[in-house]
Structures are given as C-alpha cells and as structure tokens.
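Here is the structure we will look at, set down as structure tokens.
The values are calculated or read from the model by the stated rules, or taken from the named source; none is laboratory data. Bear in mind that the values here come from a model prediction, so they are computed numbers and not experimental data. Virtual Cβ from ideal backbone geometry, glycine too; neighbours counted across all protein chains shown.
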Amino acid sequence: MSAGTSSSKLVITLGGIAVFSGVLLALTYEITKPMIAKNESEALEAAVFEVLPGAVARENFRLDDTGLRKVEEGSTEEPNLYAGINEAGERVGFALPGEARGYADVVRVLYGYNPENKQVVGLQVLSSNETPGLGDRIEKDPAFQENFTALDASLAHEIETVKNGEKTEPWQIDGISGATVSSKAIGKALRLSTNEWVPKLNAALEAGE
Amino acid sequence: MSTKEPEAMTLETFTQGLWKDNPVFVMLLGLCPTLAVTNSAMNALAMGLATTFVLIASGFLVSLLRNVIPKQVRIASYIIIIATFVTMADYGIKAISLDLYKALGAFIQLIVVNCIILGRAEAYASKQTPVKSMINGAGMGFGFTLALLSLGVVREILGSGTLFGIQIMPDRFQTWSVFVLPPGGFFVLAGWLMLFTWLRERKSKQEAL
C-alpha cells in the first residue's frame, strides 16, 4: 500500500467516497426538507401573530412598484410583507421586516403596522447577536416592548430612539440604559423601514379601495 | 490486534473516553465549542449529542473502509466522511428545532474540524474493527457531552437562573451575566479542570500507597 499505490486507485477511492457521501446527503436533504420548511413557516407565523395583536391567520403579500398583491401559498414569488387576520376575518394590520446595524451584528426585526391609525403595534427581534445581559434586553425587556404597543408611524415625524426616561412624543422610543446602541438600532431599523414602506403601502391600500 | 478480545476490553474502550481519556477534561481537545456553546444546558446537550453522532457514524465508516483507503489519501477520505455526517447532523438539528439551530450557529458545521473526531479516526478507527470503533466513538462522544453539560449547567444556573429553560433560582436571585458571556466559559472550565485534576491526583496517590 505504500509507494506502489497507483494514482488511479487514489482517484477511485476518493471518488467512490465522494459519490457515497453525495447520495447520503441527497437522501438526508430530501427527508428533512419538508420538516425544515414547516419549522420556518411556523416560526414566521408565530412572529406575525406576536407583532399583530389579535391575529389568528396570515396572508402573504408582495409590495413593489406595481402595487400590492396577494401571494398564494406555494407560489414562486417571494412575499415581503404579511397581513394578520383576526377571528372575525378582518385585517388587523401588516407585519413588515426591518433591519439595522446593532452593537455586534445586524439586528433584524419584524414589526406590526396598523394602517387604520398609522401606528406600530408590535415588534419582535428575529435575529440579533447583541451582548447577553445588556444589548439582548431589546428582545425581552417588558418596559422596552411597551414602546411598540402604539408607536406613531404617521411619518409626521421620523421614528427615533431617545435616552431612557426622556420619551415625550408618540413617535419616540424610550431607550434602555446600558443598551443604548442596541436600542438605537431598533429605532433605526423602524425608521428606515417605515420611511420606505409605509408611504408605498398606504398608497397601494388607497388605490385598492 | 487479535480478533478475539475479552469483554472487559470492549467496556474499557467505552469508559476510556468517558473518564480516563475524557476529551475535554484530560486531553483538552475541542475547547473551542466547549467554551462557545455552553452558555445553556440545552445548547451543550445538543452540541454534545451531535458530536457523538458524528463520532459513532464516522468511526464505523472509517473502520469499515480501513483496508480499502490508500494511505496517501486517508486524511482526505476521513474529512469527506466526517463532513458528510456533520452535514446530516446539521440538517437534522434544523429539522428538529430552528431556535436550537440558531443558538448553535456555525458551531455545528465546525464539528468537521473538531480535532477529537479526526483524532479518533486516525488513532483508533483506522486500526480497529467497526464495532469497537463505534463503542470507542460513543465513549468519547458521551465524555464530550458530559464535559459540555458540566459547563452548560453551571453557566446557565448562575448566568440565567434557569436549567434547561426552567427557572430554578428564586426571583430575588441576581443573575451573573458574566457566566453566559465568553469569560464565564473560561472561569467554569478552569473550575472543572481543577476539580478533575485534583480527583485524578488523589486517586493515583491512593493507588500508589
């Protein structure tokens, strides 16, 4: 097996192992694919219901330059916002994504927007890498979450984060002391996303009615 | 090695990894995931079990092919085999729980380069029968899981006041955030290493008497 091994044997061995690996991986992928898709859809659903109080069902939508249209389940089109439907079958609002740079990494959020009274009605952090015990309080801190029950998003003023205890206006977010950068990241994510999407969404809704 | 081994030898190869040659506490291998993912008991357990799966499966396959793989390409072959099982574990965890998958992050994929696994393939599985290699892999894997859990349990109780996500400390308990941060990993690892080294030394002294 030492010097006498021909290179063709090396190629065949490595090739054989690689082919076997490929088959094994393809099998695993096929088996786990529906489970992973189900998990992802459930996680998204849970997040949509979380940010839109009262929602019990979800509808997928796509909003772009051509307007707002519904995306059916299983369609190839990627939805970029979701509507929450309550038990009475009424639309309670839209869930939109937003992101901004935090202290450690990009903070991605999903927030609920109610077009009736033009307010942000809920917010959930989808992914973040903020410092445990400090910055990651943006995810759970009840006082901070309180900011997003009726945050003004009429865009008369841009959404902004202020220092802890200095919130005076409905469009301001009361920051967390000790987590200034992370709180500001949430404010920035909301500001960027609302500035871009809310006018488009409102225009599309008005055109549709 | 003769083909017939007494029963005691098989058991010994299992307990070797668990205690005498514990990968973390004795050989100080695989310290990167040990420090990185043990901020909660659940993460530690999942990481340990994923590594155990890869150890057992790759041990079996490497041992099965030990007479087929030419010496020149053995490391390349081992890496393909290990990477295949790691990717399977990766899909598996994603299918079981997305939250767990997010918490473990890149460390699942990084099992590929965990030196415990390649070390086992090279030092043990490439010379022993498939069954013994699997038993040896299981021993090492459970030893690794045990070490990870030892760290994870302490860090979660002190850092978050919970165990497997269930609150066990009284509400008054002020959590020591440092324990879920990277420095906490070093502190707890050092504590366990001191304890285990002391136990081993005491045992060897007693045996010498």
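Go through the residues of the range A:89-102 one by one and say whether even a single one is part of a strand (DSSP E or B), within 14 Å of A:P53 (Cβ to Cβ) and touching a residue at least 60 places away in the same chain (Cβ under 8 Å). Yes, the range A:89-102 has at least one match.
Just a yes or no: is a residue in the range A:127-143 at negative phi, part of a helix (DSSP H, G or I), more than 14 Å from chain B (Cβ to nearest Cβ) and buried (at least 18 other Cβ atoms within 10 Å of the Cβ)? Yes, the range A:127-143 contains at least one residue that is at negative phi, part of a helix (DSSP H, G or I), more than 14 Å from chain B (Cβ to nearest Cβ) and buried (at least 18 other Cβ atoms within 10 Å of the Cβ).
Out of the range B:108-131, which residues are under 12 Å from B:A50 (Cβ atoms), buried (at least 18 other Cβ atoms within 10 Å of the Cβ) and away from chain A (no Cβ under 14 Å)? Selection gives B:I111, B:N114, B:I117. Residues considered: B:G143, B:G105, B:G139, B:G152. Of these, the only one that is part of a helix (DSSP H, G or I), out of contact with any Asp or Glu (no Cβ under 9 Å at 6 or more places or on another chain) and at pLDDT 90 or above is B:G152.
Scan (1) outside any helix (DSSP H, G or I); (2) modelled with pLDDT of 85 or more; (3) away from every other protein chain (no Cβ under 14 Å); (4) surrounded by fewer than 19 Cβ atoms within 10 Å (Cβ to Cβ) for the single condition A:H157 breaks and write down its number. In the conditions (1) outside any helix (DSSP H, G or I); (2) modelled with pLDDT of 85 or more; (3) away from every other protein chain (no Cβ under 14 Å); (4) surrounded by fewer than 19 Cβ atoms within 10 Å (Cβ to Cβ), A:H157 misses (2) alone. Is it the case that the range A:10-31 has a residue that's at pLDDT 90 or above and charged (D, E, K, R)? For the range A:10-31, residues at pLDDT 90 or above and charged (D, E, K, R): present. Counting only residues that are under 17 Å from B:M27 (Cβ atoms) and among the aliphatic types (A, V, I, L, M), the range B:179-207 holds 6 of them. In this structure, A:R108 qualifies as among the basic types (K, R), within 14 Å of another protein chain (Cβ to nearest Cβ) and touching a residue at least 12 places away in the same chain (Cβ under 8 Å). Residues in the range A:104-126 that are in a loop (DSSP other than H, G, I, E, B) and not small (G, A, S): A:D105, A:P115, A:E116, A:N117, A:K118. Just one of the listed residues (B:R66, B:R74) is buried (at least 17 other Cβ atoms within 10 Å of the Cβ) and not in a helix (DSSP H, G or I), namely B:R66. With respect to being in contact with a strand residue (DSSP E or B) (Cβ under 8 Å, 6 or more places away or on another chain) and among the aliphatic types (A, V, I, L, M), B:V131 falls outside the description. Considered as a group, the residues in the range B:163-192 that are outside any loop (DSSP other than H, G, I, E, B) and without any contact (Cβ under 8 Å) to a residue 12 or more places away in the chain include one that is surrounded by the most Cβ atoms within 10 Å (Cβ to Cβ), and that residue is B:F187. The condition (being crowded, with 19+ Cβ neighbours inside 10 Å and more than 10 Å from chain A (Cβ to nearest Cβ)) is satisfied by just one residue among B:T84, B:T15, B:T34: B:T34. Kindly indicate whether any position in the range A:58-67 is surrounded by fewer than 15 Cβ atoms within 10 Å (Cβ to Cβ), more than 10 Å from chain B (Cβ to nearest Cβ) and in a strand (DSSP E or B). Checked the range A:58-67: at least one residue is surrounded by fewer than 15 Cβ atoms within 10 Å (Cβ to Cβ), more than 10 Å from chain B (Cβ to nearest Cβ) and in a strand (DSSP E or B). For the range B:51-60, indicate whether the set of residues that are in a helix (DSSP H, G or I), surrounded by fewer than 20 Cβ atoms within 10 Å (Cβ to Cβ), facing chain A (nearest Cβ under 9 Å) and not acidic (D, E) is non-empty. No: zero hits.
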